[in-house]
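Read through the structure below, which is laid out as structure tokens, and then see the notes.
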Amino acid sequence: MKIAVSGKGGVGKTTLAACLAKYYAQKGSKVIAVDADPDANLASALGLDMEESSDLVPLTDQKELIEERTGAKPGGYGAYFKLNPKVDDISQKFGVDVGGVRLLVAGTVKAGGSGCYCPENVLLKRLFKYLVVDTDEVVIMDMEAGIEHLGRGTCENMDMLIIVIEPGMRSVQTAFAVKKMSEDLGIKSLFIVANKIKSTKEFEEVKKRLTGFSILGQMPYSEKVRESDLGFFSPCEADEKFKKAIMEIAEKIDVYTLDQKE
Ligand SMILES: Nc1ncnc2c1ncn2[C@@H]1O[C@H](COP(=O)(O)OP(=O)(O)OP(=O)(O)O)[C@@H](O)[C@H]1O
Ligand SMILES: [Mg+2]
């Protein structure tokens, strides 16, 4: 199962991605969490401190790896390179274990007029495509804010795209933009998670604005979650109510996945 988490800036994509990754890892699944945001910070949401996080080298900066797999140096526009580099061992060799979750920091998929043809993009695209091998494996991808990256093909081959919104029309507008774009790209399984919800009434209000979307659930606003960002602890265990909300979202994902299989 491959899940991408998208949405407007600051809505809680990284928070949700980290908590889902931890949830599935605790349940015993093999989990690969991919930080696909160039401004990477999934590591800290998974509980790594600043020093440990700063040691992580994004894949697109690993020049030797890129050259070894594609036959060309990073940035080698126009150079001859393999379009089908070997990627099946990358999460094992280049990921780091964070509390049972295998974390991969992807780096920057560059925008480019000519269909992003450079060795590092080819490697990443192929990696995103072939990350899942076994049926019980879960891949959670924390995406860059906004919709631009969708045009670069980062969410192709995902089983599910979750758009996170917060109470407010700006993030809802982004959700509609993501929906439009993902329909153009043929992504069918699109869901909303409403974050930073302060009351049932607020959740109901937000839902009214989301005509045509399937709502997976909500995550309550939590002071503890907010504090976790400053305190370098993972938001996932910060607060029992929040943890329960994540569990309910994951259970809905499981029901959906089972339905798809039948
Ligand atoms: N339910 C919540 N309650 C309180 N604060 C929250 C909640 N969810 C997220 N936050 C806080 O909101 C901020 C943004 O969250 P997060 O980094 O997960 O968002 P993001 O969508 O990944 O942002 P970016 O677009 O920058 O990648 C963080 O400080 C986080 O701790
Ligand atoms: Mg983020």
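The values are calculated or read from the model by the stated rules, or taken from the named source; none is laboratory data. If you're wondering where the values come from, they're calculated on a predicted model, not measured in any experiment. Note: ideal-geometry Cβ built from the backbone for every residue, glycine included; neighbour counts use all protein chains shown.
Of all the listed residues (69, 102), the sole one being in contact with a helix residue (DSSP H, G or I) (Cβ under 7 Å, 6 or more places away or on another chain), basic (Lys, Arg) and in a helix (DSSP H, G or I) is 69.
Listed here are the residues, each with its yes/no results for (1) surrounded by fewer than 24 Cβ atoms within 10 Å (Cβ to Cβ); (2) near ligand 1 (Cβ under 8 Å from one of its atoms); (3) under 14 Å from residue 243 (Cα atoms).
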{"position": "2", "(1), (2), (3)": "yes, no, no"}
{"position": "11", "(1), (2), (3)": "no, yes, no"}
{"position": "34", "(1), (2), (3)": "no, no, no"}
{"position": "44", "(1), (2), (3)": "yes, no, no"}
{"position": "48", "(1), (2), (3)": "yes, no, no"}
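Annotation note: Cβ proximity below 7 Å between a residue of the range 238-262 that is within 21 Å of residue 198 (Cβ to Cβ) and touching a residue at least 12 places away in the same chain (Cβ under 8 Å) and a residue that is outside any helix (DSSP H, G or I) and of a type in the set (Val, Ile, Thr) (sequence gap 6+ or interchain) occurs for 249/193. Counting residues in the range 142-161 that are free of Cβ contacts under 8 Å to residues at least 24 places away in the same chain and either among the basic types (Lys, Arg) or surrounded by 19 or more Cβ atoms within 10 Å (Cβ to Cβ) (or both) gives zero. Please work out if residue 211 is among the hydroxyl-bearing types (Ser, Thr, Tyr) and free of Cβ contacts under 8 Å to residues at least 12 places away in the same chain. Yes, satisfied. The number of residues in the range 13-32 that are small (Gly, Ala, Ser), surrounded by fewer than 24 Cβ atoms within 10 Å (Cβ to Cβ) and either assigned to a loop (DSSP other than H, G, I, E, B) or within 15 Å of ligand 1 (Cβ to nearest atom) (or both) comes to 2.
Within the range 207-223, take every residue that is within 8 Å of ligand 1 (Cβ to nearest atom) and not hydroxyl-bearing (Ser, Thr, Tyr) and give me the one that is farthest from residue 18 (Cα to Cα). Across the range 207-223, the extreme among qualifying residues is 223. Looking at 258, 230, just one residue is more than 15 Å from ligand 1 (Cβ to nearest atom) and at pLDDT below 95, and that residue is 258.
When the residues of the range 214-236 are filtered to those that are more than 16 Å from ligand 2 (Cβ to nearest atom) and touching a residue at least 40 places away in the same chain (Cβ under 8 Å), the one that is surrounded by the fewest Cβ atoms within 10 Å (Cβ to Cβ) is 233.
Take residue 107 and tell me if it is assigned to a loop (DSSP other than H, G, I, E, B), on the phi > 0 side of the Ramachandran plot, out of contact with any strand residue (DSSP E or B) (no Cβ under 6 Å at 6 or more places or on another chain) and modelled with pLDDT of 85 or more. Taking the combined requirement at face value, the residue satisfies it. In this entry, residue 173 is excluded by the filter for residues that are closer than 25 Å to residue 24 by Cβ and surrounded by fewer than 16 Cβ atoms within 10 Å (Cβ to Cβ). When the range 228-254 is examined, which residues are found to be within 20 Å of the chain's Cα centre (by Cα) and either closer than 14 Å to residue 191 by Cα or acidic (Asp, Glu) (or both)? Hits for the range 228-254 are 229, 237, 248, 249, 250, 251, 252, 253, 254.
Checking 82, 93, 73 one by one, the residue that is surrounded by fewer than 16 Cβ atoms within 10 Å (Cβ to Cβ), over 16 Å from the mean Cα position of the chain (by Cα), free of Cβ contacts under 8 Å to residues at least 12 places away in the same chain and away from ligand 2 (no atom under 16 Å from the Cβ) is 93 and no other. In the range 41-66, the residue that is nearest to residue 80 (Cα to Cα) out of those that are in a loop (DSSP other than H, G, I, E, B) and touching a Ser or Thr at 6+ places or on another chain (Cβ under 8 Å) is 58.
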